[in-house]
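Rule-based calculations on the coordinates, nothing more; no lab input. Bear in mind the structure is a predicted one, so any value in this text is a computation, not a measurement. Positions of Cβ are backbone-derived with ideal geometry, glycine not excepted, and every protein chain shown enters the neighbour counts.
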Amino acid sequence: MKTWSWNNKHLTGAAGLAVLALVLTACSSGQATPAPVASGAAMKSGPIEIVYLQKQGDQQYFVDQANGAKALAKSLGDVTVTEVNLGTDANKAISELDAAIARGVAGIVMVAPDQAIGPQVIDKAKAAGIPLLASDDGLKAADGAAAPFVGFNGTSMGSSIGDKAADLYTAAGWKASDTRIIAVGKADLSVCVQRLDGAASSFGKKVTGAPASIPVGTDNSVTDALNKAGGVITANQGVKHWVVWGCNDESETGVVTALQNAGVAPADILGVGLGAYLTCKDWAAGQDTGNKASLYISGNDVGSAAIKVMVDKIRNGVALPAETIAATHMVDATNWKAEGVVCT
């Protein structure tokens, strides 16, 4: 697994990845053959059940994802989606997977709490002859072959965030000497590493002499980000300005809240979130906030896309695409409603 690397080596002018224009479409990466999960499963007609096993299923993004999956299932007819909140428990993921296999579900979609269980999950689904789709966080078999995936391109998402943060930083006219970047997220989750590395790389390409970056490892929750940021703030009393980005909206808004609670003015914080489902709350309330922008990702779109390709596999025998990538949009206080962000 890639090691922690969200540091200043990315904040240079070195060549990086170009930002991809993503659409909600199935595409092959061309780099790896998907793990052969239940490739020989027979086509089925009549009522079918698909289980959607989700880590941290109480987070708004995953609530939206489950709702999108169920809405698409209803429109297709005779499709039931059963969502299961796994929290952060990898053992529960395996036990719920076993339970789904035992009752003979037609398809399995999983957002794994820990990517290390990938080989076990893929082997179990394959042995049972049930198609498996990895959602949001990729899963790999023991031989390194990736399971079919639906979600977002992590590096491209990060690049969009870094670009926006760089534009805001340049417009603010701040100096690197009294500014720090906080990059926050789960250090052992590959998609977080991709997002945060992508942000650092694109920021560095647009900003000469970028501020120092401080990586903060969390469990991707608001509470953990808020708590972990406290020590960083205490250790950097001389810093006047802060740039914040994170693996998700929980991470970024948690740090921004910690900064504001510590007395840092919103004008001295440039926070760029990922999700928009939490950053939008300040905008909806008309509050002066350090949450300046967020990359809007729709859990609804991912959930519905997962069910679409899974039902096509189950009923029509169409192979699961290697990757199904969803679109993203940068939003802020001026355009979040027009872009379709639902702020609950």
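The lysine pair tally for the range 171-269, using Cα distances under 18 Å and a gap of 8 or more places or different chains, is 4.
Kirkwood hydrodynamic radius computed over the range 96-245 comes to 17.6 Å, based on all pairs of distinct alpha carbons.
Computed over the chain, relative contact order equals 25 percent, with contacts defined as Cα pairs under 8 Å that lie 6+ residues apart. Both radii are taken from the alpha-carbon atoms of the range 169-268; with Rh as the Kirkwood radius, Rg/Rh is 0.94.
Report note on the peptides 240-253, 262-275: ranked by the mean count of other C-beta atoms within 10 Å, highest first, their order is 240-253, 262-275. What percentage of all Cα-Cα pairs in the chain are separated by more than 30 Å? So the pairs more than 30 Å apart make up 35 percent of the total in the chain. Between Ala102 and Asp78, the simple label model (points 7 Å from Cα in the Cβ direction) yields a spacing of 2.8 nm. A dipole drawn for the range 215-341 from +1 and -1 charges on Cβ atoms has a positive end, and of Tyr277, Ile297, Ile314 the residue lying farthest that way is Ile314.
At q = 0.13 Å⁻¹, what log₁₀ I(q)/I(0) does the range 282-344 have when each alpha carbon counts as one equal point scatterer in the Debye sum? Once normalised to I(0) and log-transformed, intensities are -0.50. Axis angle, to the nearest 10 degrees, between helix 60-76 and the longest C-alpha principal axis of the chain: 30 degrees.
Its Cα gyration tensor gives the range 198-344 an equivalent ellipsoid. The semi-axes, each the square root of 5 times an eigenvalue, are 33, 17, 15 Å from largest down. Among residues other than Leu132 with Cβ under 9 Å from its Cβ, the summed charge is +2 (Lys and Arg +1, Asp and Glu -1). Counting other Cβ atoms within 10 Å as a rough exposure proxy, the listed residues Arg103, Arg180, Arg195 run Arg103, Arg180, Arg195 from fewest neighbours to most. Just how many % of Cα pairs in the range 38-136 lie over 15 Å apart, if you round to the nearest whole percent? I get 59 percent for the Cα pairs in the range 38-136 exceeding 15 Å.
About the centre of its Cα atoms, the range 289-344 shows a dipole size close to 140 debye [charges on the beta carbon of Lys, Arg (+1) and Asp, Glu (-1) only; nearest 20 debye]. Pairs exceeding 20 Å between alpha-carbon atoms, taken from Lys44/Lys313; Lys74/Lys124; Lys44/Lys126; Lys92/Lys124: Lys74/Lys124.
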